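Engineer: Below are the structure tokens for one structure; questions will follow.
Derivation of every value follows stated rules applied to the coordinates shown; laboratory data play no part. These figures come from a predicted structure and were not determined experimentally. Cβ coordinates were reconstructed from backbone atoms using ideal geometry, including for glycine residues, and neighbour counts include every protein chain displayed.
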């Protein structure tokens, strides 16, 4: 999992008025918990927004004045109901030896043969909740879809993720290719063409004489 470093300033006061003042200055009120004490601080909105509005998951290395370096992940966020501007961020301090519960993005690798033949791609679940040790957590969960044909799918049970516990039903579909008009015929023709080429090569080899030359 990727790490990002940020410097935070401790909040002198905790309240709505102080939070409003910070936001007007381009800062986002934050809190970190999970250890012995809660720490209230604030970060530059431009810096943290790059991570918040990203599909990736980050471990934050927070340099909090007088409190030392803290490693944490985002646990919760509050957004403005109209503008979607980030109002507050809750961080959870992490221990390198304890498992974390995070949501990771699912990404596909390759172009499905079923889609190339006219099938309709179905990608209903693009994130997965997982549990694992921070140092073993990947940036994303990747699935190779190149060989997925029309009517086939990839489910959670098909994944190989050592060190990760996926918190989803094993039969949950992550990626599939559905039937579309004319797609089945196109795929069948592609298979027949491939088999025909292989047969032609076999016939050509069979025409060789005992001396090794073709007739």
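Engineer: Quick check: convex hull over the Cα atoms of segment 50-167, volume per residue in Å³, rounded to an integer?
Structural biologist: Normalising the Cα hull of segment 50-167 by residue number yields 142 Å³.
Engineer: Continuing with the same structure: Cα atoms only: what Rg and Dmax, in Å, come out for segment 2-94?
Structural biologist: 12.4, 36
Engineer: Set the Förster distance to 41 Å, then compute FRET efficiency between residue 97 and residue 155 from the Cβ-Cβ distance, nearest 0.05.
Structural biologist: Using R0 = 41 Å, I get an efficiency of 0.85.
Engineer: If each residue of separation counts as 0.36 nm, what is the full-extension length gain between residue 131 and residue 36 once their alpha-carbon separation is subtracted?
Structural biologist: So the chain would gain 31.9 nm between residue 131 and residue 36.
Engineer: Going 7 Å from the Cα of residue 168 toward and past its Cβ, which residues in segment 25-65 have a backbone nitrogen under 16 Å from where you end up?
Structural biologist: Hits in segment 25-65 for residue 168 at 16 Å: 55-57.
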